[in-house]
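Everything on this sheet refers to the single structure shown next.
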Amino acid sequence: MHPIEFKKKWQLTYDELALVLGYQGDYTVRSWNMIGRHKRNPQKVVYVACRLLDEKWSTQGKLVHSYL
């Protein structure tokens, strides 16, 4: 699952998305949704983390905190 799809599905802010994925700031997370030369692509491990969190939150409920 793409992190931006995960963000929209669970109605997270960029700060919350960065927190649950283990990023200190939200710049990298925001750059995944940018258009142009500042756009970045998430690493494959981020897709896996989003998928696993989606499964966990679907069964146990949404809980926003750092998973690291």
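For the chain, what is the charge dipole size about the Cα centre, in debye to the nearest 20, if Lys and Arg each add +1 at the Cβ and Asp and Glu each add -1 at the Cβ?
Working: 11 positive and 6 negative charges, 55 e Å.
Dipole about the Cα centre, nearest 20: 260 debye.
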- Residues of the chain: accessible area per residue with a 1.4 Å probe, Å²: 69 Å²
- Item | Within the accessible area of the stretch 4-51 (1.4 Å probe), percent carbon and sulfur | 50 percent
- Task: In whole Hz, with x marking every Gly and Pro, tabulate ³J(HN,Hα) for the stretch 42-49 from phi via Karplus 6.51 cos²θ - 1.76 cosθ + 1.60, θ = phi - 60°.
- Result: x, 6, 4, 5, 5, 4, 5, 4
- Rounded to the nearest 500, the 222 nm mean residue ellipticity computed for the chain from DSSP H runs (n ≥ 4, each -39500 (n - 2.57)) alone is -15500 deg cm²/dmol
- Message: Take V45 and K62, extend 7 Å from each Cα along the Cα→Cβ direction, and tell me the distance between the two endpoints in nm.
- Response: 2.6 nm
- Query: With no solvent and one point on each alpha carbon, what is the Debye value of log10 I(q)/I(0) for the chain at q = 0.18, 0.22, 0.23 Å⁻¹?
  - Reply: -0.61, -0.92, -1.00
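The values are calculated or read from the model by the stated rules, or taken from the named source; none is laboratory data. Model, not experiment: these values are computed from the prediction. Positions of Cβ are backbone-derived with ideal geometry, glycine not excepted, and every protein chain shown enters the neighbour counts. For accessibility, only protein heavy atoms count, side chains too; no ligands or nucleic acids. Shrake-Rupley method; radii C 1.70, N 1.55, O 1.52, S 1.80 Å.
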